[in-house]
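Student: Can you read through this structure? Questions will come right after.
The values are calculated or read from the model by the stated rules, or taken from the named source; none is laboratory data. Worth saying up front: this structure is predicted, and the values here are computed from it rather than measured. Using ideal geometry, Cβ is built from the backbone for each residue, glycine included, and neighbour counts are taken over all protein chains shown.
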2 protein chains.
Amino acid sequence: MPRILAGKPIIDALKEDGLKRVAALKDRGIDPVLAIVRIGARPDDLSYERTAIKRAEALGIGVRLFQLYEDAGQDALMKAIGEINADQGIHGCLMFRPLPAGYDEEAACEALDPRKDVDGIGRAALARVFTGRGEGFAPCTAAACLEMLDGYGIAIEGKHVVVVGRSLVIGRPVAMMLLERNATVTVCHSRTENLPAVVKAADIVVLATGRARAYDKTYFSPGQIVLDVGINMDEDGDLCGDADFDSAEGVLGDEGAITPVPRGIGGVTTSVLMKHVIEAAQRCEC
Amino acid sequence: MPRILAGKPIIDALKEDGLKRVAALKDRGIDPVLAIVRIGARPDDLSYERTAIKRAEALGIGVRLFQLYEDAGQDALMKAIGEINADQGIHGCLMFRPLPAGYDEEAACEALDPRKDVDGIGRAALARVFTGRGEGFAPCTAAACLEMLDGYGIAIEGKHVVVVGRSLVIGRPVAMMLLERNATVTVCHSRTENLPAVVKAADIVVLATGRARAYDKTYFSPGQIVLDVGINMDEDGDLCGDADFDSAEGVLGDEGAITPVPRGIGGVTTSVLMKHVIEAAQRCEC
């Protein structure tokens, strides 16, 4: 049976490191603070928010919640972002997306100060991921995939990684980050011909399509490392990944490995967010 | 034997279209102008410059040459870029790279007004290629690959494209542009394990490593489309591509195709540069 790559050891290691760095910041008189922008009250957002607040508290990171009614409108959103940019006591900002219908999400992403863009939602941050130049943070989920591989000592260099999904939140940035680490990277998507064969040929697979249990044993081969980034709700209301876990587990073999959902990459993403807030606070000259 | 994908028909089609668009611009009182920034007098740069000037003249595009001595220094270079940015009569700028030792190339690339960055050298342009958001032109060589495929009616959607090389001038941007067109894209490089097998599995191959005749028949399979972006000088001083053309030609078969070097993609790149200058002039509000 494959190794199960739980998020916990990675989360614990990031917490240990984070505690030290926050203590060092506080010694310098800096209290790291994360702003959260939430429009409306979608259950997904609320659930992530609770985790983020708990994680921040455990590290001594402050949280400032900017909560808008669903019909608050673009101007109110831009005003909130403007306040966050102007407030030297805020080091990073998480904005829940997608925004409700009627909001200009791109304008909001671009309005955020790139130095506070700890989830890599603006063009400046994404340009850095693509070019390796400039400043900015990578999207947290993409960075969480690399934390997972590094944390479990899985080599990246020279490996063939197949990324399924090409969003700007995860697929494209994780592909570029793995390329930077000398992986050979293939990006697949809904139009890919013969997807099972392409995925089967990989050493490492990143599933990031948001399709509940869509990838079963026909997609995998023995010895593969599967990072399942999907967080989906099945018909019974249970959380599940993009992989059909039980089916995949059966073919990956003793040399293979797979991240579970829940208790896999999801929680690591929140820890990476905190890491980015700490780094933003370390970089700021306040 | 494979089809030889010469640049000429593509260049001719771009010229025909360009002439019409320049005429329409002149009717509006706009004379499109390209600035060329050259430091020193490297034979490669001079050769490309001659082609660019000839191509511009044939289309009625003006050229302003900003020529600096090799030891002119960063300040002089930044001053030239500042002049280009400020001059409303200049619509696009080509800067020969790599810059000589001692120059800060990144600073120079970022200083250029993104609206005039017709060769996609700045972060803003590259961010657009990566994210599909914002404004800016793709690097000309990357765009030339797509012109070639489209011009010869070669389907991209769903095809597996293997890009060998990951530079910001060609490898990474062409990968993103092909992904945008719904290809499945693999990016390879010097650390890729078992490169011949990976390249052999492609429907379309883009060679962009600048290694003279490095890829022979062991890399190719029947029916493949090979775009050879390399422009190298062999031991005899003759131009050649990254592919070992004669060897590759032998295995691609009647269904395959390959671009020659010279008279392949190189000349199309110059035509794309002119296309971008015309588009920049069309967009400007002068």
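Student: Can you find a residue that is more than 21 Å from the chain's Cα centre (by Cα), surrounded by fewer than 14 Cβ atoms within 10 Å (Cβ to Cβ) and of a type outside the set (G, A, S) anywhere in region A:46-69?
Tutor: yes
Student: Going by the structure shown, is A:G237 on the phi > 0 side of the Ramachandran plot and modelled with pLDDT under 95? Steps first, answer last, please.
Tutor: Working: on the phi > 0 side of the Ramachandran plot: yes; modelled with pLDDT under 95: yes.
Spelling it out, A:G237 is indeed on the phi > 0 side of the Ramachandran plot and modelled with pLDDT under 95.
Student: Something else now. Quick test of your reading of the structure: B:L207 fulfils all but one of (1) closer than 30 Å to B:D31 by Cβ; (2) crowded, with 19+ Cβ neighbours inside 10 Å. Name the failing condition by number.
Tutor: (1)
Student: Where the second residue is part of a loop (DSSP other than H, G, I, E, B) and among the polar types (S, T, N, Q) and the first is at the interface with another protein chain (Cβ under 7 Å from one of its Cβ atoms) and lies in region A:181-194, which pairs have Cβ atoms under 6 Å and are six or more apart or on separate chains?
Tutor: Listed by first residue and then by second, the contacts come to A:T184/B:T192; A:R191/B:N182.
Student: Does region A:220-239 include one or more residues that are out of contact with any helix residue (DSSP H, G or I) (no Cβ under 8 Å at 6 or more places or on another chain) and aromatic (F, W, Y)?
Tutor: There is no residue in region A:220-239 that is out of contact with any helix residue (DSSP H, G or I) (no Cβ under 8 Å at 6 or more places or on another chain) and aromatic (F, W, Y).
Student: With respect to A:R166, determine if the residue is modelled with pLDDT under 95 and in contact with a Cys (Cβ under 9 Å, 6 or more places away or on another chain).
Tutor: Values: modelled with pLDDT under 95: no; in contact with a Cys (Cβ under 9 Å, 6 or more places away or on another chain): yes.
So A:R166 does not fit the description; no.
Per-residue answers, yes or no, for (1) surrounded by fewer than 20 Cβ atoms within 10 Å (Cβ to Cβ); (2) facing chain A (nearest Cβ under 9 Å):
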site: B:R115; (1), (2): yes, no
site: B:D119; (1), (2): no, no
site: B:R123; (1), (2): no, yes
site: B:L126; (1), (2): no, yes
site: B:V129; (1), (2): no, yes
site: B:E135; (1), (2): yes, no
site: B:A138; (1), (2): no, no
site: B:A143; (1), (2): no, no
site: B:D150; (1), (2): yes, no
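Student: Based on what the data block shows, is A:F137 of a type in the set (F, W, Y), touching a residue at least 24 places away in the same chain (Cβ under 8 Å) and not in a helix (DSSP H, G or I)? I'd like the intermediate steps shown before the answer.
Tutor: Working: of a type in the set (F, W, Y): yes; touching a residue at least 24 places away in the same chain (Cβ under 8 Å): yes; not in a helix (DSSP H, G or I): yes.
Judged against the criteria, A:F137 is a match.
Student: I would also like to ask the following. Spot the failing condition for A:V22; the list is (1) assigned to a helix (DSSP H, G or I); (2) β-branched (V, I, T); (3) farther than 16 Å from A:E279 by Cβ, and only one is missed.
Tutor: The failed condition is (3).
Student: Which residue is surrounded by the most Cβ atoms within 10 Å (Cβ to Cβ), if the candidates are limited to region A:91-111 and must be within 18 Å of the chain's Cα centre (by Cα) and in a loop (DSSP other than H, G, I, E, B)?
Tutor: Once the filter is applied, the top-ranked residue is A:L99.
Student: Quick one: which helices (runs of 4 or more DSSP H) sit completely within region A:174-286 and have at least 3 residues that are in the same structural domain as A:H160 (by TED's automatic domain parsing) and in contact with a strand residue (DSSP E or B) (Cβ under 8 Å, 6 or more places away or on another chain)? It would help to see each step written out before you state the result.
Tutor: On the way: elements: A:195-200, A:245-252, A:265-283.
Where helices (runs of 4 or more DSSP H) fall fully within region A:174-286 and carry at least 3 residues being in the same structural domain as A:H160 (by TED's automatic domain parsing) and in contact with a strand residue (DSSP E or B) (Cβ under 8 Å, 6 or more places away or on another chain), they are A:195-200, A:245-252.
Student: Ok, one more. In region B:1-57, what residues are within 18 Å of B:P98 (Cα to Cα) and of a type in the set (S, T, N, Q)?
Tutor: B:S47
So that you can scan it fast, the table gives a plain yes or no per residue for (1) in a strand (DSSP E or B); (2) modelled with pLDDT under 95:
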position: A:D31; (1), (2): no, no
position: A:I36; (1), (2): yes, no
position: A:S47; (1), (2): no, yes
position: A:I53; (1), (2): no, no
position: A:A56; (1), (2): no, no
position: A:A72; (1), (2): no, no
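Student: When you go through (1) of a type in the set (D, E); (2) more than 19 Å from the chain's Cα centre (by Cα); (3) buried (at least 24 other Cβ atoms within 10 Å of the Cβ) one by one for A:D234, which number turns out not to apply?
Tutor: In the conditions (1) of a type in the set (D, E); (2) more than 19 Å from the chain's Cα centre (by Cα); (3) buried (at least 24 other Cβ atoms within 10 Å of the Cβ), A:D234 misses (3) alone.
Student: Every residue in region A:153-167 that is at the interface with chain B (Cβ under 10 Å from one of its Cβ atoms), assigned to a loop (DSSP other than H, G, I, E, B) and within 16 Å of B:T184 (Cα to Cα), please.
Tutor: Result: A:R166, single match.
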